[in-house]
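Data first, discussion second: the structure below is written as structure tokens.
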Amino acid sequence: MNRKSRWAAGPYILWMIIFVIVPLVLIGVFAFTTDAPFDENSKRLTQEELAAIEEEYAETDEELPVTYKTVFTWDNILSVSQYLPVLFNSAWLALIATAICLIIGYPLAYFMSRFRASSQRLVQMLIMLPMWMNFLLRTYAWMTLLEKNGWINRIFGLIGVGPFEMINTQGAVVLGMVYNYLPFMILPLYSVMTKIENHTIEAAQDLGAGSIRVFTKVVIPLSMPGIASGITMVFVPAVSTFIISRMLGGGTNMLIGDLIDLQFLGNAYNPNLGAAISLVLMVFILLCMSITNQLDNGDEEMEGKML
Amino acid sequence: MKKFAKNFYIFLVFLFLYAPIGVLIVNSFNASKSRSVWGGFTFDWYSKLLHDETILKSLVTTLVVALVASVISTLLGTAAAIGIFNMKKNMRSLILNISYLPIINPEIVTGVSLMLLFVSFKMDFGYITLILAHISFCVPYVILNVLPKLRQMDKHLIEAALDLGCNRWQAFTKVTLPEIMPGVITGFLMSVTYSVDDFVISYFTHGSKAQTLSITIYSMTRRKVSPKVNALSTLIFVAVLTILIIVNVADAKRNSPKKYKKGVKA
């Protein structure tokens with residue numbers, strides 16, 4: 001083929017090295033380093049020694065005889081362990097949200113795929129439309145709905161129940177996740193299901209399968225790739241979100257994303273720790289994704305068995 | 001009965017998807033400043049919105065960043081796709097896997113990693129950092145859209161053009177480019193969409209001098225919220241709806257003459 005054309009990718013490869021590879025390497029570098037104080041003789045100072053020197057020089061105008069150098073450390077990664085409960089809580093909430101998205105989205109995607117072509121187009125557009133709205137605005141709207149004297153509580157009030165405490169709960173955070181990421185579940189499911197032909201389903205019915213067996217033996221196995229990518233597309237952004245929890249969780253239900261944000265742009269400024277948490281989050285998500293890939297492979301194994 | 005249950009289910013899902021948007025629209029006409037009390041109909045928030053300089057300025061920033069980033073991404077990504085397409089298999093899959101990292105990675109990690117990059121190079125946070133960050137998450141979408149078009153293209157077309165006396169550049173502009181154009185355009189449009197919609201990555205790479213609309217909305221939702229936000233969301237909703245309808249109508253129109261043409265050829 002055209003050898004010279006390969007060079008067209010040159011500028012992009014340079015770009016990729018600078019803006020994809022180097023930043024990820026930097027996360028690793030920050031995660032495993034810290035700025036440590038050294039004295040004039042290049043001896044590393046302990047916290048007490050540093051405090052003593054600071055006290056000594058507190059009265060004078062002289063500059064501290066201390067220089068900071070970047071040194072290797074395990075401390076950042078080790079101190080992530082104290083935030084593991086936050087990581088597990090985020091994963092747990094994201095898992096619930098993903099499950100709800102799958103339960104709501106699966107039947108809808110199936111119904112959609114059996115519509116006439118023109119209706120399919122319309123429904124698909126209607127599902128994508130909210131995604132085009134700024135997600136902060138959509139989440140903000142839920143604040144209005146869920147408030148103590150918000151619209152939902154008013155409707156409850158009309159039938160004489162409530163008011164319920166809905167905003168600033170973990171449930172509200174899960175709701176925000178489901179709302180924002182539901183289309184990411186429906187669309188991949190739908191695109192797989194449109195490929196399941198009615199003939200396949202009819203064939204199963206003709207061969208004596210009841211509607212439940214048609215569903216478990218034909219529709220679900222054939223839609224497995226859609227399920228896998230839907231789960232990934234909902235879980236990854238849900239587990240790493242930091243806005244939804246802040247707006248609907250009221251700041252008390254901290255997620256791993258909030259924690260990272262705090263280290264970089266928040267009060268707890270500590271990019272080294274932030275990088276360490278990001279690294280752990282990245283590894284965690286890669287592990288989760290390899291599990292969902294298994295889901296997909298499991299399907300292939302089954303096809304093998306059928307042969 | 002079964003059909004009714006099915007339709008009711010679909011209705012409920014759409015109610016869930018559109019209820020918050022409805023609330024925003026209704027409240028944008030609400031004279032009362034409270035979110036849950038109806039105080040009469042008004043257009044006030046719209047006129048106030050149009051005089052809000054912060055919002056207008058950030059709207060301009062959003063559009064400038066989206067346009068510049070998308071144009072550069074499209075050029076960079078199209079060239080990259082052509083180069084990648086002509087590579088040997090191992091090299092190609094290596095480059096592609098690295099390219100998809102920004103898509104697979106959680107947005108917050110991409111944002112933070114770019115922030116560390118800019119901090120390490122001691123860059124001022126502003127237009128430049130925003131545009132650089134946006135390009136880096138837009139390029140993969142361009143490559144993703146152009147590569148399939150290259151695969152579909154008949155390889156012999158270029159050889160034919162070269163045999164007939166075109167130089168490489170002419171062969172590219174007269175043969176390759178028209179063939180891959182639909183992918184290039186889709187890639188560009190996706191870049192614009194993602195760039196306009198982005199919050200997380202802009203959040204970590206913006207400066208006080210350049211704030212996108214998302215960032216402004218974020219700072220508005222953190223303080224006591226003004227109903228101007230509702231008016232803004234209504235306008236955005238109407239704009240998006242209009243664009244979608246136009247695109248769909250144009251699509252439908254474009255699809256029908258095509259069928260006709262095919263019929264004539266056959």
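The values are calculated or read from the model by the stated rules, or taken from the named source; none is laboratory data. Computed from a predicted model, the values in this text were never measured in an experiment. FYI the Cβ positions are ideal-geometry reconstructions off the backbone, even for glycines, and counts take in every protein chain you see. Only protein heavy atoms, including side chains, enter the accessible area calculation; ligands, DNA and RNA are left aside. Shrake-Rupley method; radii C 1.70, N 1.55, O 1.52, S 1.80 Å.
List of remarks:
- Simple label model, 7 Å out from Cα along Cβ direction - A:Met128 to B:Ser34, nm: 4.1
- Carbon/sulfur fraction of accessible area - chain B, other protein chains in place, 1.4 Å, %: 68
- Annotation for the B:A interface, with buried accessible surface near 7300 Å², both sides summed [1.4 Å probe; non-protein components not counted].
- Loop-located chymotrypsin sites (Phe, Trp or Tyr not before Pro) in the stretch A:114-164 (DSSP state not H, G, I, E or B) with no more than 14 neighbouring Cβ atoms inside 10 Å: A:Phe164.
- Average Cα contact separation per residue, the stretch B:52-225, under 8 Å, 6 or more apart, as relative contact order %: 41
- Debye intensity ratio in log₁₀ form over the Cα atoms of the protein assembly as shown, taken at each q of 0.06, 0.09, 0.10 Å⁻¹: -0.38, -0.84, -1.02
- Accessible surface, per residue, of chain B when the full set of protein chains is kept, probe 1.4 Å, Å²: 53
- FRET efficiency for the pair B:Ala160 and A:Lys4, taken as 1/(1 + (r/R0)^6) with r the Cβ-Cβ distance and R0 = 22 Å, rounds to 0.80.
- Partner shielding of B:93-106 amounts to 4, given as the average count of beta-carbon atoms from other chains within 10 Å of each residue beta-carbon.
- Chymotrypsin sites (Phe, Trp or Tyr not before Pro) within the stretch B:89-132: DSSP coil, no more than 15 neighbouring Cβ in 10 Å: B:Phe121
- Magnitude of the charge dipole, the stretch A:4-79, Cβ model with Lys/Arg +1 and Asp/Glu -1, debye to 20: 1420
- Lys/Arg +1, Asp/Glu -1 at C-beta; the stretch B:52-225 dipole; positive extreme among B:Met153, B:Ile98, B:Val175: B:Ile98
- Other protein chain Cβ atoms within 10 Å, averaged over every residue that makes up A:176-188: 1
- Calculated FRET efficiency for the pair A:Thr46/B:Ile10, C-beta based, R₀ 60 Å, to 0.05: 0.35
- Using Cβ point charges alone (K and R +1, D and E -1), the dipole size of the stretch B:52-225 about the Cα centre works out to roughly 280 debye.
- Solvent exposure of the stretch A:83-306 amounts to 45 Å² per residue of accessible area, where only protein heavy atoms count and the probe is 1.4 Å.
- What the Cβ-Cβ distance of B:Lys3 and A:Asn198 gives, at R0 = 22 Å and to the nearest 0.05, is a FRET efficiency of 0.85.
- For the stretch A:78-173, applying the loop criterion from DSSP together with a ceiling of 12 other beta carbons within 10 Å to the trypsin sites (Lys or Arg not before Pro) yields A:Arg116.
- Shielding score for A:141-148, defined as the mean number of other chain Cβ atoms within 10 Å: 5
- Longest segment of chain A lacking GluC sites (Glu not before Pro) that sit in a DSSP loop with at most 15 other Cβ atoms within 10 Å: A:198-307
- Our coupling estimate for the stretch A:81-92, obtained by passing each phi through the Karplus curve with A = 6.51, B = -1.76, C = 1.60 and θ = phi - 60°, is 4, 6, 9, 4, x, 5, 4, 5, 4, 4, 4, 5 Hz, Gly and Pro reported as x.
- Measuring nothing but how far apart in sequence close Cα pairs (under 8 Å, 6+ apart) lie, relative to its length, chain A scores a relative contact order of 23 percent.
- Rounded to the nearest 10 degrees, the angle from helix B:228-265 to the longest Cα principal axis of chain B is 30 degrees.
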